[in-house]
2 protein chains.
Amino acid sequence: MSTEARDTIFIGKKPLMAYVTSTLIQLANLPSVNIKARGLSIGRAVDVAQIIARKTENAGYSIGEIKIGSESLESQDGRTRNVSTIEIEVKRNQA
Amino acid sequence: MSTEARDTIFIGKKPLMAYVTSTLIQLANLPSVNIKARGLSIGRAVDVAQIIARKTENAGYSIGEIKIGSESLESQDGRTRNVSTIEIEVKRNQA
């Protein structure tokens, strides 16, 4: 585990609040952080961004640019499958 | 069922391709359509938008503005819960 500031948080299977905390820690050092997820985690990425925006409203952070995309993955049977992705920017409000 | 052009498609529990077809039908009549979903259907909304953008690339339609939000719902035990939402614009490419 590095303590270096990372500008991207990948959403996986941990409890939601673990990603909220990680994102807030990065936002203490960086003006913006990207929350990324793919497939079934996409809804959870939106949850994390919304929790941060809602709990810090007025004071703190807001949603920036949102991008969606898709990635090709090779599955174990050798076939190629497409999986959707999302990337949500959370940024410090202008003072 | 109305045959009137609707500019919003709500994603629910039907097979993905049903929403792809509905969206394409609306896009035949309208310059842009919004794909909306909440909670667990958010990932499926991204899938629908990506299938349309990918299958019609160069020729046809592309992803426009994406918005996320949250809605308060009262659950059966009387408590208020927040559910995340997404709205993805799919629009006809400029000629």
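None of the figures in this text is laboratory data; all of them are computed from the coordinates on show. It should be emphasised that the depicted structure is a prediction, and the values quoted were computed from it without experimental measurement. Here the Cβ is made from the backbone with ideal geometry for all residues, glycine too, and neighbour counts use every protein chain on show.
Dividing the mean sequence gap of close Cα pairs (under 8 Å, 6+ apart) by how many residues segment A:15-80 holds gives a relative contact order of 25 percent.
Considering only the other residues whose Cβ falls under 12 Å of the Cβ of B:Ile9, what net charge follows from Lys and Arg at +1 and Asp and Glu at -1? Show your work: numbers first, answer last.
Working: positive: B:Arg6, B:Lys14, B:Lys36, B:Arg44; negative: B:Asp7, B:Glu87, B:Glu89.
Once all neighbours under 12 Å are counted, the net charge is +1.
Here the Karplus curve 6.51 cos²θ - 1.76 cosθ + 1.60, taken at θ = phi - 60°, turns the phi angles of segment B:57-70 into couplings of 4, 6, 5, x, 10, 9, 6, x, 6, 10, 10, 10, x, 9 Hz, with x standing for Gly and Pro.
Here is the P(r) of chain A: all C-alpha pair distances, binned every 10 Å from 0, give 16, 46, 27, 9, 2, 0 in whole percents. The rotation axis that maps chain A onto chain B passes nearest to the beta carbon of this chain A residue, listed with its distance in whole angstrom: A:Ile66, 2.
The mean number of partner chain beta-carbon atoms within 10 angstrom of a residue's beta-carbon across peptide A:63-70 is 4.
Report the calculated FRET efficiency for A:Glu57 and B:Ser62 (r = Cβ-Cβ distance, R0 = 30 Å), to the nearest 0.05. Don't skip to the answer; put the middle values down first.
Values: r = 32 Å, r/R0 = 1.05.
Calculated transfer efficiency: 0.40.
The mean number of partner chain beta-carbon atoms within 10 angstrom of a residue's beta-carbon across peptide B:36-44 is 4.
Count charges around A:Glu87 for me, please; just the other residues with Cβ under 12 Å from its Cβ, Lys/Arg as +1, Asp/Glu as -1. Can you show the working numbers first?
Details: positive: A:Lys36, A:Arg38, A:Lys67; negative: A:Asp7, A:Glu65, A:Glu71, A:Glu89.
Charge balance in the 12 Å sphere: -1.
For the charge dipole of the protein assembly as shown, defined by +1 on Lys and Arg C-beta atoms and -1 on Asp and Glu C-beta atoms about the Cα centroid, which residue among A:Val90, B:Gly12, B:Ile52 has the Cα displaced farthest towards the positive pole? After comparing all options, I get B:Gly12. Here A:Lys14 is the anchor, and the lysines within straight C-alpha reach of less than 30 Å, apart from those fewer than 8 places off in the same chain, are A:Lys36, A:Lys55, A:Lys67, A:Lys91, B:Lys13, B:Lys14, B:Lys36, B:Lys67.
Treating the beta-carbon of each Lys and Arg as +1 and of each Asp and Glu as -1, no other charges, what is the dipole magnitude of the protein assembly as shown about its Cα centre, to the nearest 20 debye?
On the way: 26 positive and 20 negative charges, 64 e Å.
Taking the Cα centre of the protein assembly as shown as origin, the dipole is about 300 debye.
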